[in-house]
Structure formats: C-alpha cells, structure tokens
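Reading through the structure tokens given below for one structure.
Nothing in this text is a laboratory measurement; each read-out follows from the coordinates by a stated rule. What you are looking at is a predicted structure, and each value in this text was computed from that prediction instead of being measured. Note: ideal-geometry Cβ built from the backbone for every residue, glycine included; neighbour counts use all protein chains shown.
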Amino acid sequence: MTGTARHRLAVLWRTLLYALLVLSPIIVREITGGGYGSDCVAGAGLVLGMTGFAVLALQPLFSSRFRWVERPFGLDRLLRVHRVTGVIGALFVTAHPVLLALGRNNRELLLSLDLPWHLMAAKLTLAVLVFFGIAALFHSRLRLPFQWWFRGHSLLTPVILAGIFMHSYAASVRYQPAAFRVLWFILLGAGAFSYLHLTVYRRFGGRLRPWKVTGVSRIGRDVWDISMEPPRGRRGFDYLPGQFLFVTLLRARGLPTEEHPFTISSSPAQKGYVSISPKESGDFTATVGKTEAGDGAVVMAPYGRFTYLLGNEPSRIVFMAGGIGITPFMSMLRYMRDTGDRRKVLLLYGCRTEQDLVFRDELERMSGPEGAPELEMVPVLSSPGDDWTGETGYVDGEKIDRLVGDPAGSSFYICGPPPMMAMVHGILRERNVDERSIHMERFSL
C-alpha cells in the first residue's frame with residue numbers, strides 16, 4: 001500500500017469512527033428499544049438533543065492535539081472542522097427545546113422561569129452556549145482581544161458540557177436502560193479527558209520541565225529568530241520541515257505569557273534545538289524581541305501536514321511565499337540543503353520592500369550553481385525602491401505564466417496572507433492545476 005493510500009485510509013476510518021460516535025445515542029436507543037413518543041416534531045427534538053450533546057462532548061477531541069487524531073488531517077484542518085461542528089452542535093442543542101415545545105404544545109417550556117432545576121439549568125447553559133457561539137463566529141469582527149476569547153473558550157467549555165450533561169441526565173437519561181446511561185458517561189468522559197489532557201497535562205505539565213531559550217537575534221526589520229533547546233535529559237522531538245509548534249514564552253519582566261502557534265524555521269537535520277522566526281505584529285509578538293537567552297518556554301509540537309515530504313514526487317516544486325510566510329519554506333529548503341537533496345525548486349517570494357526580504361542572503365547562497373537544492377529565487381516587490389531592478393507588483397497570473405511556465409508535473413506550496421493565498425489558488429485552478437497539487441498553509445485559531 002502506498003503512502004497516499006495509507007493516508008486516505010487513515011482519514012477515512014477516523015472519520016467513520018467520529019460519525020459512529022456522534023450517532024451512537026440514536027443507535028443505542030434503537031437497540032435498547034427506546035422510543036421518541038407519538039409526535040414526530042417532539043421526536044425530532046429528542047434526536048437533535050441527543051446528537052447535539054454527542055457533537056459538543058466530542059468537541060475537545062479536535063483541539064486536544066492528540067497525535068493519533070491530528071496526524072492524518074493536520075491540526076489546522078482539524079480546527080476548521082472544530083469550528084463547523086461546534087456551530088452544528090450548538091444549533092442542534094438550541095433546536096431541541098424549541099421542537100419539544102412545539103411538538104408538545106408547551107410554550108411554558110420556553111417562556112416560564114418557574115420550572116424544575118434541570119430545565120432552568122438547561123436554559124442557563126443554552127444562554128451561555130449562544131453567547132459562546134456568537135463570540136466564536138464574530139470575535140475577530142468584534143475586535144475582541146485574542147487572549148480574552150482564548151481564555152473564555154477554555155473556561156466556558158467545561159461549563160457548557162457539564163450543564164448539558166446534568167440537564168439531559170436528570171430529564172431523561174437516568175430513566176433509560178443501563179447501556180444508554182453508560183454511553184452518556186463515555187461521551188462526557190471522552191470530552192473531559194480530551195479537555196484535561198490539553199489544559200492540565202500538556203500546558204501545566206510543560207511548565208514543570210520547560211524548554212530553554214538559547215538565542216534571540218533580529219533577522220529583519222521586524223522579524224526575530226528565537227532558538228530553543230529541550231530540558232536536560234530530554235531528547236526533544238522529531239519533525240518534518242514545514243510543520244509548526246505551539247510555544248508559551250515564560251518570561252518575567254512584566255511581559256505577556258501567552259500560547260501562540262509558530263512555524264518551525266529550522267531544519268529537522270539539525271538536532272538539539274528548534275528555531276522560530278516570529279514577526280512583530282500583535283500585542284504579544286510586539287514583545288518577542290524582549291525575549292532573552294535563558295527564558296523558559298513551553299513547547300508542544302510538531303503539528304501540520306504542510307511539507308513536501310508527504311506529497312508525491314513531482315518533477316519540480318514551486319514555493320509561493322508572501323511576507324513572513326517564507327518561514328515554512330526556510331525549514332524545507334534548509335532540510336534539502338542539509339540532506340543534499342538537489343531537486344528543482346522555484347521560489348516566488350512576494351514582499352513590500354527589499355528590507356522585508358527576510359533570509360535573503362541565505363536564500364541567495366542556496367541559489368548558487370553547486371548548491372542543494374537547485375533553487376531559483378524570484379523576489380517580487382509591491383513597493384520597490386528606485387534602484388530595484390527585479391520583479392515588481394504581485395505574484396499574479398502574468399508572473400505565474402511567465403516564471404512557472406507549463407504547470408504540469410509541478411507541485412505548488414503557498415503560504416502568506418489569506419488574500420494572497422486565495423488569489424494564487426484561484427489562478428492555479430484557472431490554469432487547470434489539479435487540486436491535489438496545490439498545498440496551502442491556512443492556520444488560524
């Protein structure tokens with residue numbers, strides 16, 4: 001079986017397992033002879049309520065960073081699925097009381113505040129869930145600080161799961177056969193274990209034996225290189241070029257301590273340390289230059305599938321970078337150099353000015369006639385100076401046609417600002433490039 005076939009099989013059977021778990025309340029209820037009543041509307045409400053609980057209980061599984069779960073999909077894709085399934089679960093749970101009230105002609109279920117405790121708990125949980133969903137969908141538009149949203153997400157997740165579980169168990173589940181009651185605890189346990197694995201074991205445990213920052217240097221106008229090594233006696237981790245990590249810098253001096261994802265820019269062939277190359281932008285990254293050698297760091301890695309090593313063997317690789325999107329390509333190119341891999345690579349590197357061309361000197365050295373890989377680098381500047389003689393503008397269709405030529409047999413890797421990636425992807429699809437030959441790093445929390 002080829003690597004691609006094994007990957008597809010891994011994706012398929014994990015997807016089927018998830019679908020089975022989501023549908024397990026309906027399956028077990030059918031097997032144990034449970035009914036839904038005579039009214040089909042109220043029955044639909046029961047089905048949506050059970051399924052919605054299963055979906056929400058399994059939500060922490062997507063963000064738990066279990067390697068077994070993440071590896072076939074890539075964490076960036078899993079988190080996009082996490083957002084979609086969260087909305088679906090919230091809609092199912094919200095529809096549950098509405099359909100019950102309609103089917104049973106009982107408006108008091110929705111309007112009254114004089115109800116048994118488990119129904120009032122359900123109303124409170126539903127209000128929290130609606131608030132949570134609005135914040136999840138619109139936190140960027142509402143300009144909520146990311147860490148407010150992140151901490152709220154961490155705090156409200158167990159509140160919502162506990163509220164839904166207590167309501168459902170008190171209202172119905174405790175009257176069901178033992179198999180159904182056991183399933184309810186299994187679903188809650190899966191969510192609780194996944195949540196605690198990340199928030200307690202991985203994050204808190206990492207603070208007990210942190211990595212150490214060994215070097216901090218400015219490599220561009222607002223870009224820094226930070227090297228870290230594992231604690232003494234610990235080997236570190238193996239990773240593929242292009243993967244990313246989560247890091248929490250443990251710095252005193254009143255600096256923020258927040259977890260953020262960064263692409264690994266070092267080569268996997270260089271053992272004993274990893275490097276990241278963050279750009280100053282938000283509240284946290286504006287302080288990366290104040291990091292000092294000797295500071296601690298909680299590192300969780302590696303994640304992602306954005307690497308040429310997991311693709312087919314094309315005749316040529318085309319890297320398309322926008323700004324600091326160059327970092328995963330630096331890891332890949334350094335690995336090719338360190339392993340003597342002389343495959344053909346074209347790098348189209350879009351930036352505003354010459355000062356924004358991070359790693360320029362190193363890339364030009366790699367582009368030498370005897371170097372590995374066989375790299376051709378083409379910088380493209382959107383705001384060049386008067387003495388710039390290279391490509392100008394953007395990585396658009398005209399440049400792709402002229403610089404890439406016939407795209408057949410090439411694999412394309414794109415990383416940069418979302419508008420740039422969307423534009424380049426559209427151009428490639430217009431040129432009939434197969435979707436399987438286009439790889440993009442789309443990561444957002």
Here, Ser172 and Gln355, labelled 7 Å along Cα→Cβ, have an inter-label distance in nm of 6.3
With a Förster radius of 60 Å, plug the Cβ-Cβ distance of Arg143 and Gln270 into 1/(1 + (r/R0)^6) and report the FRET value to the nearest 0.05. 0.90
Using a basic spin-label model with each label point 7 Å from the Cα along Cα→Cβ, how many nm lie between Leu113 and Val41? 2.7
GNM on the chain, Cα springs under 10 Å; top mean-square fluctuation among Gly325, Gly35, Gly311 goes to Gly35
Using θ = phi - 60° and the Karplus form 6.51 cos²θ - 1.76 cosθ + 1.60, what ³J(HN,Hα) does each residue of the stretch 356-366 get, whole Hz, x for Gly and Pro? 8, 7, 5, 6, 4, 4, 5, 5, 5, 5, 5
Which entries of Lys212/Lys344; Lys271/Lys344; Lys271/Lys399; Lys279/Lys399 show an alpha-carbon separation above 31 angstrom in the structure shown? Lys212/Lys344; Lys271/Lys399
Using a Förster distance of 56 Å, how high is the FRET efficiency between Ala162 and Trp388, based on the Cβ-Cβ distance and rounded to 0.05? 0.40
Phi to ³J(HN,Hα) by Karplus 6.51 cos²θ - 1.76 cosθ + 1.60 over the stretch 395-409, Hz, x for Gly, Pro: 7, 10, x, 4, 5, 4, 4, 6, 8, 8, x, 5, x, 4, x
Computed about the Cα centre, the charge dipole of the chain from +1 Lys/Arg and -1 Asp/Glu charges at the Cβ has a magnitude in debye, to the nearest 20, of 1700
What residues have an amide H closer than 5 Å to that of Leu250, excluding those fewer than 5 places away on the same chain, when H is modeled at 1.01 Å from N in the peptide plane? Gly296, Ala297, Val298
Taking all pairs of distinct alpha-carbon atoms in the stretch 308-440, Kirkwood radius in angstrom: 15.0
Value of Rg to Rh for the chain (Rh from inverse mean 1/r over Cα pairs, i.e. Kirkwood): 1.03
Using the Karplus curve 6.51 cos²θ - 1.76 cosθ + 1.60 with θ = phi - 60°, work out ³J(HN,Hα) for each residue of the stretch 85-92 in order, rounded to whole Hz, and write x for Gly and Pro. 5, x, 5, 4, x, 5, 5, 4
Once the Cα gyration tensor of the stretch 127-219 is diagonalised, semi-axes √(5λ) in Å: 35, 21, 8
Once the dipole of the chain is set up with Lys and Arg at +1 and Asp and Glu at -1 on Cβ about the Cα centre, which of Gln59, Phe284, Ala170 lies farthest towards its positive end? Ala170
Where Rh denotes the Kirkwood radius from the mean inverse Cα pair distance, what is Rg over Rh for the stretch 3-207? 0.99
Farthest towards the positive end of the dipole of the chain, among Ser275, Pro302, Gly325 and with Cβ unit charges of +1 on Lys and Arg and -1 on Asp and Glu, lies the Cα of Pro302
Largest-first ellipsoid semi-axes for the stretch 1-48, taking √(5λ) over the Cα gyration tensor eigenvalues, angstrom: 35, 11, 6
Charge-dipole axis of the stretch 3-207 as Lys and Arg at +1 and Asp and Glu at -1 on Cβ define it, positive-most pick from Pro25, His118, Gly206: Gly206
Measuring from a point 7 Å past the Cα of Arg234 along Cα-to-C-beta, which residues in the stretch 191-205 have an amide N at less than 12 Å? 202-205
